[in-house]
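This report concerns only the one structure given below.
The values are calculated or read from the model by the stated rules, or taken from the named source; none is laboratory data. Just so we're clear, the structure is a prediction, and the values are computed from it rather than from any experiment. Here the Cβ is made from the backbone with ideal geometry for all residues, glycine too, and neighbour counts use every protein chain on show. Surface accessibility is based on the protein's heavy atoms, side chains included, excluding ligands, DNA and RNA. Shrake-Rupley method; radii C 1.70, N 1.55, O 1.52, S 1.80 Å.
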Amino acid sequence: MPVGGRRITAAGAFIMGRNMFSPGRGTWDLDWNGWWGDEPPYHAPVFVLTHHPREQVTMKGGTTFIFVTDGIEAAMAQAREVAGERDVAIAGGAETVNQYLAAGLIDELRLHVAPVILGKGERLLHNVGDITLEPLGAPSGTRLVSHLTYRVIR
């Protein structure tokens, strides 16, 4: 795995919005266990923000999806507890990142930009308050993806 890939998955816990886990809305399709197949790339606990309770899902390779219905602060507290000294990574999507930025709960923003136009979607950095993004290091990547890292300054 390239160095950038190791850094992406090196966190001790992850948080993502429901849209990152599932295409469905409302009650869960219990046969759906994510986009990644039997062995997701996280290899750590992943806290999924949702309004609909669901039992946790344990996958191969050490990934366990834990569904959190009581907000971003609760998900962050649970993720920090299991991550210990390791980082907690916000895996996305855009609305989840925006909520954590607005709450002042992101110190470093890592963007992985692929030049694909999907036709619609959520706006990143929308309604996040008065922040400045200070570039950390030079961009890296391939012809398929650019990796950008910023320190979040409030």
*Has region 27-43 got any residue that is of a type in the set (V, I, T) and touching a residue at least 40 places away in the same chain (Cβ under 8 Å)?*
no
*Taking N19, is it at pLDDT below 95 and more than 16 Å from T96 (Cβ to Cβ)?*
no
*Exactly one condition in (1) touching a Leu at 6+ places or on another chain (Cβ under 8 Å); (2) open to solvent by less than 40 Å² (accessible area, probe 1.4 Å); (3) part of a strand (DSSP E or B) is not met by V46; state its number.*
(1)
*asked:* As an exercise: evaluate T27 against (1) among the hydroxyl-bearing types (S, T, Y); (2) in a loop (DSSP other than H, G, I, E, B); (3) surrounded by 12 or more Cβ atoms within 10 Å (Cβ to Cβ) and give the number of the one condition it does not meet.
replied: (3)
*Would you check if there is a residue in region 104-112 being over 14 Å from G12 (Cβ atoms), out of contact with any Lys or Arg (no Cβ under 7 Å at 6 or more places or on another chain), buried (at least 19 other Cβ atoms within 10 Å of the Cβ) and touching a residue at least 24 places away in the same chain (Cβ under 8 Å)?*
yes
*Looking only at region 23-30, decide whether some residue is basic (K, R) and modelled with pLDDT under 95.*
yes
*Output the residue which, of all residues in region 114-139 that are open to solvent by 70 Å² or more (accessible area, probe 1.4 Å) and of a type in the set (V, I, T), is nearest to A89 (Cα to Cα).*
T132
*asked:* Being in a strand (DSSP E or B), open to solvent by 30 Å² or more (accessible area, probe 1.4 Å) and hydrophobic (A, V, I, L, M, F, W, C) is the filter here; which residues of region 49-96 pass it?
replied: I66, V88, I90, A91
*Give region 132-154 a look and list any residue that's assigned to a strand (DSSP E or B) and polar (S, T, N, Q), or say none.*
T132, S140, S146, T149
*Would region 108-121 turn up any residue that is under 26 Å from A77 (Cα atoms), aliphatic (A, V, I, L, M), part of a loop (DSSP other than H, G, I, E, B) and at pLDDT 95 or above?*
no
